[in-house]
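Derivation of every value follows stated rules applied to the coordinates shown; laboratory data play no part. Predicted, not measured: the structure shown is a model, and the values here were computed from it. Counting neighbours? That spans all protein chains shown, and the Cβs are built from the backbone with ideal geometry, glycine included.
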Amino acid sequence: MHKAGFVNIVGNPNVGKSTLMNQLVGERISIATFKAQTTRHRIMGIVNTPEMQIVFSDTPGVLKPNYKLQESMLAFSESALQDADILLYVTDVVENPEKNMDFLVKVQKMDVPVILLINKIDESNQTQLGAIVEKWHTLLPKAEILPISAKNKFGIDMLLKRIQELLPESPAYFDKEQLTDKPARFFVSEIIREKILLYYDKEIPYSVEVSVERFKEDDKHIHINAVIYVERESQKGIIIGHQGVALKKVSTEARKSLEKFFAKPIFLEIFVKVDKDWRSSERELNNFGYNPE
Ligand SMILES: Nc1nc2c(ncn2[C@@H]2O[C@H](COP(=O)(O)OP(=O)(O)OP(=O)(O)O)[C@@H](O)[C@H]2O)c(=O)[nH]1
Ligand SMILES: [Mg+2]
């Protein structure tokens, strides 16, 4: 008999969902940075064996939306509650468990198995952890609780084993060769956005969207043209930096990561354009692929 199912990863921002998904899948599918709101989409990472297919979904951190982009992000997180065969609710050792009760109430009402993952236990001790487990036990009485450290790969094998046990009998949902639901261009824009999250402060990373205008692969190379869209003219100057130094750094670092990801030499050209207030425009969000299917 063959097993397959959707194992959806949800939780508040910055708790380590994307780091966890990458460890579970064994590939760097989802960008992970120290900044909250790194993930903006629902991204699938698929683990295939002859007897099994686990379709993991990484999702944006749950937050109260302040602008349209965040509404779309929340919709992606909520869609993961709808089709989960197993739900992985991720928290960490520092966040307040009651931070986002609205979403937690929805999780409490779910009928599928919920595994509560307390991440970052490398930053905690036994006594603290005991208190956190107790607290979560009252908030999600039906959930199994597993302390993990996604970064150190602690608890991951045990979690995978438990997921395999809980996975329903089903034929595969995707081709067994398939590793993700997203096209190559998506990973290009994410890798460039990751560099922007790493190298710029304040509102800049949140005001940026990256669009890939050209992705042309031949035997030896990949040629990529990408556009960084910002919301305002002043942000364009910040992205480019004095004598273009800042953009040059983004471009160099992105190229290195892309060469690792695609295992091919990359020619990368990045342009910067203003798309006024794109985060609040329904039309622009649709163009950028934020409409949940
Ligand atoms: N100490 C420690 N840090 C971790 C661990 N797992 C993840 N982190 C760090 O936590 C930060 C956030 O990780 P992400 O994986 O991007 O978190 P996320 O939940 O996907 O965040 P959003 O996409 O913004 O919602 C990064 O700096 C990670 O390196 C862990 O086990 N221990
Ligand atoms: Mg993430």
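Looking only at segment 243-256, decide whether some residue is farther than 12 Å from residue 192 by Cβ, loosely packed, with under 14 Cβ neighbours inside 10 Å and touching a residue at least 24 places away in the same chain (Cβ under 8 Å). Among the residues of segment 243-256, not one is farther than 12 Å from residue 192 by Cβ, loosely packed, with under 14 Cβ neighbours inside 10 Å and touching a residue at least 24 places away in the same chain (Cβ under 8 Å), which makes the answer no. Taking the criterion of being over 19 Å from residue 152 (Cβ atoms) and among the polar types (S, T, N, Q), the residues of segment 5-39 that qualify are 8, 12, 37, 38, 39. Residues in segment 38-45 include none that are polar (S, T, N, Q), touching a Phe, Trp or Tyr at 6+ places or on another chain (Cβ under 6 Å), within 11 Å of ligand 2 (Cβ to nearest atom) and in a loop (DSSP other than H, G, I, E, B). Contact annotation: residue pairs with Cβ atoms under 9 Å, 6 or more positions apart or on different chains, pairing a residue in segment 27-44 that is farther than 15 Å from residue 80 by Cβ and touching a residue at least 40 places away in the same chain (Cβ under 8 Å) with a partner that is more than 8 Å from ligand 1 (Cβ to nearest atom) and assigned to a loop (DSSP other than H, G, I, E, B), are 27/179; 29/179; 29/182; 37/63. Residues in segment 1-18 that are surrounded by fewer than 22 Cβ atoms within 10 Å (Cβ to Cβ) and of a type in the set (S, T, N, Q): 14 only.
Checking each residue in segment 146-172 for being of a type outside the set (Val, Ile, Thr), in contact (Cβ under 8 Å) with a residue 60 or more places away in the chain and away from ligand 2 (no atom under 16 Å from the Cβ) picks out 153, 159, 160, 164, 166, 167, 168, 169, 170, 171, 172. Out of everything in segment 82-141 that is among the polar types (S, T, N, Q) and either within 20 Å of the chain's Cα centre (by Cα) or within 16 Å of ligand 1 (Cβ to nearest atom) (or both), what residue ends up being nearest to residue 23 (Cα to Cα)? Looking at the filtered set, the residue picked out is 119. Selection of segment 201-233 for residues being more than 20 Å from the chain's Cα centre (by Cα), buried (at least 18 other Cβ atoms within 10 Å of the Cβ), assigned to a strand (DSSP E or B) and not aliphatic (A, V, I, L, M) yields only 229.
Quick check: is even one residue across segment 244-251 in a helix (DSSP H, G or I), under 23 Å from the mean Cα position of the chain (by Cα) and at negative phi? Yes, because at least one residue in segment 244-251 is in a helix (DSSP H, G or I), under 23 Å from the mean Cα position of the chain (by Cα) and at negative phi.
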